[in-house]
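To start, the structure itself, in structure tokens.
The values are calculated or read from the model by the stated rules, or taken from the named source; none is laboratory data. The structure displayed is predicted, hence computed values, not measured ones. Using ideal geometry, Cβ is built from the backbone for each residue, glycine included, and neighbour counts are taken over all protein chains shown.
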Amino acid sequence: MPCVVIHESVTAVLAEGIPLRAVLKDEGDLWVVGLEGSEAVDVGSAGVARLRLRHGDSGTGPSLLLRGVRGVVQAFIDGVEAEVQVLVQDIDLFHRVRGVFETDVLSKRRVAIVGCGSGGSFIARELTKAGVGEFLLIDHDRMEPGNVCRHELGLSEVGRKKVFAMRDLILDRNPTAIVETLAVHLDGSTVQQVQDAISGADLVIGATDNRESRLLLNRACIANDQPLLFGAVFRRAYGGQVLRVLPRMTPCYQCFLNVLPHMGNDQEIASAEDAAAIAYSDRPVAIEPGLSSDVLPVALMMVKIAIVLLLEGEKTTLAPLREDLVAPLYLWLNRREPGTDYAKLPPLEHRVDDMTILRWYGVLLPRDPDCAACGAFEDSLLERYGLGGQDLDTDFFSTDVAVEDPS
Ligand SMILES: [Zn+2]
């Protein structure tokens, strides 16, 4: 017998004349009745709805009769009563994570995710499952077939802008989530727009794949005084890192590049030029090569740190993590990559004291007091060269000039 799935709120509107929509799914096994859409009919004042529904593109299907009787919904398909499953509108979707932390707190937290690629999409999905209730998704890309092997979205979403497809994925997990989208590419021409858009977020996730966008986002969050998490994987995803930026308290991304330029220079391959630069044979190196299973440890660490930051000041069983996750920078290695400093690490085996693969390492990264983004940069210039801010060409603060490429 076909099953008619009805949202509980429909029960209430059966007598109010509000349009309904019904969709036939799973080869006729399932009817889903909702409130919106183009295929809607008016429910009569008698509390009875008659819907004639389409079978895909092939024409009309059987008639569906909905009847509300003293709070009970009955459905008849071509006169035969069908099984009805009523879904409660305010159902507690997160009861299985209650007790770990106060989910209602996260439902009021807003996270801006800049970059909806493989890492950003995973983070969005996991934060949704944890109960985060508000998102701003920023990305201008469309899904391409080549993304599918690492992305949360599949082939059915190819061609769509990632932000819109990701919004649907989030709402499929939590229909009460608030998801805003901004389909722009973060560069010098859009940075002010992005800075304004993210200003209301409790946390910003930097999941883009190039240095320019990271630097721009870094400056925007410092200007907004917002916490920011960066994640990046090294070339061919042999490892990765997570940087947590609390503006003017911990090192920012510019500090990181100033202090550890070789690590910043070993990040993922986002362009054909980058790929060519690290090619070790005459075979072309794919842009951003790397297995999903090598990217996700970094994204998962970002999720964990994000949840701890979002629950700051709240009672939670995750509280001990606040004492563990104090380093500004975390390093992860998937393998002993030939040609890197890590090639000669001892094998994992059963070692506990040596640095090995498949473990997180906190790095005590200092702030750069002369950092152009978060430090006393102008004071430093004044001291060294007798220059003040008024003497500086503003172009000097652009990302092209302020960052020296150590390669
Ligand atoms: Zn800095």
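Number of residues in region 221-268 that are part of a helix (DSSP H, G or I), buried (at least 24 other Cβ atoms within 10 Å of the Cβ), within 14 Å of the ligand (Cβ to nearest atom) and among the hydrophobic types (A, V, I, L, M, F, W, C) equals 4. Filter region 211-220 down to the residues that are of a type outside the set (S, T, N, Q), more than 15 Å from the ligand (Cβ to nearest atom) and crowded, with 19+ Cβ neighbours inside 10 Å and list them by number. None - no residue of region 211-220 is of a type outside the set (S, T, N, Q), more than 15 Å from the ligand (Cβ to nearest atom) and crowded, with 19+ Cβ neighbours inside 10 Å, so the list stays empty. Of all residues in region 163-210 being without any contact (Cβ under 8 Å) to a residue 24 or more places away in the chain and among the small types (Gly, Ala, Ser), which is surrounded by the most Cβ atoms within 10 Å (Cβ to Cβ)? Among those that are without any contact (Cβ under 8 Å) to a residue 24 or more places away in the chain and among the small types (Gly, Ala, Ser), it is Ala165. Could you list, in sequence order, the residues of region 173-197 that are closer than 20 Å to Asp225 by Cβ and assigned to a loop (DSSP other than H, G, I, E, B)? Of everything in region 173-197, just one residue is closer than 20 Å to Asp225 by Cβ and assigned to a loop (DSSP other than H, G, I, E, B), namely Leu186. With the condition kept exactly as written, say whether any residue in region 113-128 is at pLDDT 80 or above and under 30 Å from Cys3 (Cα atoms). Yes, the conditions are met somewhere in region 113-128. Here is a check on your reading of the model: is Ser156 out of contact with any strand residue (DSSP E or B) (no Cβ under 7 Å at 6 or more places or on another chain), crowded, with 24+ Cβ neighbours inside 10 Å and among the small types (Gly, Ala, Ser)? No. Kindly evaluate Phe164 against the criterion of being assigned by TED's automatic domain parsing to the domain that holds Gly240 and under 16 Å from Gly206 (Cβ atoms). In short, no. Looking only at region 328-375, residues that are surrounded by 14 or more Cβ atoms within 10 Å (Cβ to Cβ) and within 16 Å of the ligand (Cβ to nearest atom) come to 12 in all.
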